[in-house]
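First the structure, in the form of structure tokens, and then the observations on it.
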Amino acid sequence: RRKPLTSLEVYECWLRGIDALRGGTPEDDERARAFFQRAIELDPTYARAHTGLSLSHFNEWSCQLWERWDEKERLAFEHASRAAALDDSDAHVQTVLARVLLFRREFDESARRTDRALALNPNDADVLAQAGSARGYLGDAESGVELARKAMRLHPRHPDWYVACLTVPLFAAGRYEEARDVALRAP
């Protein structure tokens, strides 16, 4: 079982940081990092704060700051690894580490971490959506489609990024028209 939070302020920092990440710009990532750093100041053992830092660097590594590719890849991996070292039993920690490992082309370890996340929390919609996308990239497309669809059923008002998590395994499965139709649902 996960350790209890030392403070509600730590959890609030996590929530506010995740909310800032949804903006999708380097400025939003920087704002999010301030919340995650504050959470670490309050509780140096709070793994999800490192997960948030990893996500903020992952966003910039994978989508925004390609001129800083090596630095952002290193920081995304370091924080995801640190989170796993602090709390190996958190499904979100496993999901973020799996995603970073996937982009680092460490496919076997990414698959292992994806499976661990699912075992830890098989009904968390965000975990299911990310696992669906990962499975699509890892060559188990039909399983990925099932996971992403389950995520959407569990969270009918899901965020827009779930659409990509379903589109990837549909495309990988060769279901191109269906993938196109799903992708068109995104803003």
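Annotations
- Ranked by the mean number of other Cβ atoms within 10 Å of their residues, highest first, the peptides 136-142, 54-60, 111-117, 101-107 come out as 54-60, 111-117, 136-142, 101-107.
- Shape analysis of region 1-102 yields a ratio of the Cα radius of gyration to the Kirkwood radius, Rg/Rh, of 0.96.
- Radius of gyration, Dmax [the chain; alpha carbons; angstrom]: 16.0, 49
- Its relative contact order, with pairs defined as Cα atoms under 8 Å and 6+ residues apart, puts the chain at 12 percent.
- When only Cα pairs below 8 angstrom with a gap of at least 6 residues are kept, region 113-187 shows a relative contact order of 28 percent.
- Look at where the Cα atoms of region 149-173 and of region 56-133 average out, and the two centres are 18 Å apart.
- Net charge contributed by nearby residues that have their C-beta within less than 14 Å of Asp29 (K/R +1, D/E -1): 0
- Calculated from backbone phi, Karplus (6.51, -1.76, 1.60) coupling profile of region 149-161 in Hz, x at Gly/Pro: 5, 4, 4, 5, 5, 5, 10, x, 9, 4, x, 4, 5
- Carbon plus sulfur fraction of accessible area for the chain, probe 1.4 Å, in percent: 52
- Once the Cα atoms are used to define both axes, helix 125-137 deviates from the longest principal axis of the chain by about 60 degrees.
- Furthest towards positive pole of dipole, His155, Ala172, Leu21, structure part the chain, Cβ charges: His155
- Per-residue SASA entry for Val182, accessible area with 1.4 Å probe, Å² rounded to 10: 10
- The dipole here belongs to region 35-187: it is taken about the Cα centre, uses +1 on the Cβ of Lys and Arg and -1 on the Cβ of Asp and Glu, and is about 300 debye.
The values are calculated or read from the model by the stated rules, or taken from the named source; none is laboratory data. As the structure is a computational prediction, the values presented were derived from the model and not from experiment. For neighbour counting, all protein chains shown are included, and Cβ atoms are generated from backbone atoms with ideal geometry for every residue, glycine included. The protein model used for the area step is the full one, side chains on, heavy atoms only, and it has no ligands, DNA or RNA in it. Shrake-Rupley method; radii C 1.70, N 1.55, O 1.52, S 1.80 Å.
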